[in-house]
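Scroll down for the structure; my scribbles are underneath it.
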Amino acid sequence: MAFRFRPVEGSFYDLFSQSAQHLVVGAGLLAEMLADGADREDVARRMRDAEHAADETTHAIVRQVNSTFVTPFDREDIYGLASGLDDVMDEMDEAVDLILLYEVKALPPELSQQVDVLQRCAEVTAEAMPRLRTMKDLSEYWIEINRLENAGDKNHRRTLANLFSGSYKTIEVLKLKDIVEALERAIDAFETVANRVETIAVKES
């Protein structure tokens with residue numbers, strides 16, 4: 001019989017799951033922002049609320065680390081995972097904010113494809129977080145995130161090629177490029193989270 005010598009602090013797992021659920025909400029709002037006829041000011045307001053809620057969860061994780069004598073896995077990894085999840089939300093919030101502030105009328109169709117990738121990343125991450133309790137069946141998670149990140153990279157390159165094709169005015173290119181890069185950073189941030197989970201799983205195996 002195998003014994004676990006580290007006490008299990010279940011609230012950490014609940015908080016990580018909660019943090020990932022915020023990302024599902026954020027990705028959904030991002031998709032809503034790109035929809036035809038969207039009330040962008042309302043979507044941006046709800047995204048700010050969602051980002052604030054995500055920050056609160058991140059702060060709760062940090063407080064839990066600071067008040068727990070023995071954590072379920074390394075403190076550095078807990079901080080890193082919490083920060084990584086928070087970074088994803090920040091990038092999605094920035095993309096929504098830029099769309100609103102720049103008052104972009106026509107968005108390239110490739111942006112919807114990137115948001116589809118982000119929504120899938122959020123869903124896969126939310127499904128994986130509860131499995132941190134047992135560290136089982138997590139490899140399929142980081143493999144899928146890596147696949148999605150590669151798809152996002154290809155789409156990113158196609159989007160940039162479209163932007164610089166001459167179809168857009170210079171000022172529109174500058175605005176859209178900022179939005180495109182925020183989406184790319186959000187996808188990359190999801191991969192950073194997956195890499196952190198892989199590191200934790202390897203250490204705990």
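Among the residues of the range 152-189, those that are in contact (Cβ under 8 Å) with a residue 12 or more places away in the chain and of a type in the set (Gly, Ala, Ser) comprise 152, 182, 186, 189. Pairs are defined by a Cβ separation below 6 Å, a sequence spacing of at least 6 or placement on different chains, a first member in the range 191-205 that is farther than 12 Å from residue 138 by Cα and modelled with pLDDT of 95 or more, and a second member that is surrounded by fewer than 17 Cβ atoms within 10 Å (Cβ to Cβ) and of a type in the set (D, E, K, R); no pair meets this definition. Restricting attention to the range 122-140, the residues that are without any contact (Cβ under 8 Å) to a residue 60 or more places away in the chain and outside any helix (DSSP H, G or I) add up to 3. Entry remark, the range 47-82: residues being under 19 Å from residue 204 (Cβ atoms) and in a helix (DSSP H, G or I) number 11 in total.
Quick check: anything in the range 89-96 within 16 Å of the chain's Cα centre (by Cα) and more than 23 Å from residue 16 (Cβ to Cβ)? Reasoning before the result, please.
We begin by selecting, within the range 89-96, every residue within 16 Å of the chain's Cα centre (by Cα); these are 89-96.
Next cut, more than 23 Å from residue 16 (Cβ to Cβ) only: 95-96.
Checked against the condition, which is being within 16 Å of the chain's Cα centre (by Cα) and more than 23 Å from residue 16 (Cβ to Cβ), the range 89-96 yields at least one hit.
Each residue in the range 158-205 was checked for being under 20 Å from the mean Cα position of the chain (by Cα) and of a type in the set (D, E, K, R), and 9 of them qualify.
Residue 143 meets the stated requirement of being over 19 Å from residue 14 (Cβ atoms), without any contact (Cβ under 8 Å) to a residue 12 or more places away in the chain, assigned to a helix (DSSP H, G or I) and of a type in the set (A, V, I, L, M, F, W, C).
The values are calculated or read from the model by the stated rules, or taken from the named source; none is laboratory data. Remember, it's a predicted structure, so these values are computed and weren't measured experimentally. Cβ coordinates were reconstructed from backbone atoms using ideal geometry, including for glycine residues, and neighbour counts include every protein chain displayed.
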